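Step one of this worksheet: look at the structure below.
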Amino acid sequence: MANATGTLSFLHKLIHNQSDTSLAGKVERLHIKNELQNRLLLVTTELNSFSAELDCEGERADQLASYLDERANNRNDVLTVASIAVGAVTTIATVSISSDATQNVVGLVGGLLSGGLGGSSLIKGRKVPFNHPRNVLKDIWEVPQQSSIYTPFIWYMLNEKSFSNEHKQGIIHSIRDRWLTLQFDGETEGRKQNLLFGKGGKYKANDLHDRADLLNQLQSSIRSLNQDLQSFVLAVNRLP
């Protein structure tokens, strides 16, 4: 963590100056510790800011998905009521008409209309444009050597094996493997991958829910890094 936060040199200086009990030595240690704490405050802000960005992006996708879900539900309700009404009218009409031929025609037309309305409720919902030129999911999926979105501090922590639970691969690889298995059934390329990890496009409600899920999973991993950082900050504050 000291290496990730760029505070390793400050810690070395503190250790080497511990034997100097003079006033100048104490002032020097105080200065070093202040510089160290300023650096930790900066990286803590970076981590919290990025976590907040993930929260906003997830909320944005969730809100639009909820809007599309509500419109789809209202549309299905209208189609269901219309289908029931057509069925009822057809039944009444066939009973009131004495001609067998006319009854057959009315029954056929009414059945087709009722079936068509009912089948329309199964049609997938509409798509809406949803753009994200700064896609925080892209680098997690593509895993470049250097990230243009994540700060060097966060990118280092995501890639460093020491911060993962099993210490076999970085957190970023664990996240990607989980997405590949659970979200995409092992497929590395496809329409949904291009949509979620690109700059945006036409989204359906299900796509928006998937994007929100990926963002929430990533945010949980970022928050776990914040816990490690806070433990380190507490340890530094206990230094003499």
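Throughout, read-outs are computed from the coordinates displayed, never taken from laboratory work. Bear in mind the structure is a predicted one, so any value in this text is a computation, not a measurement. Positions of Cβ are backbone-derived with ideal geometry, glycine not excepted, and every protein chain shown enters the neighbour counts.
Brief remarks follow.
- Highest average packing first - 203-209, 8-14, Cβ atoms within 10 Å: 203-209, 8-14
- Ordered by the number of other Cβ atoms lying within 10 Å of each residue's own Cβ, fewest first, Met157, Met1 fall into the sequence Met1, Met157.
- Mean separation of Cα contacts under 8 Å, 6 or more apart, over the residue count of segment 150-228: relative contact order %: 20
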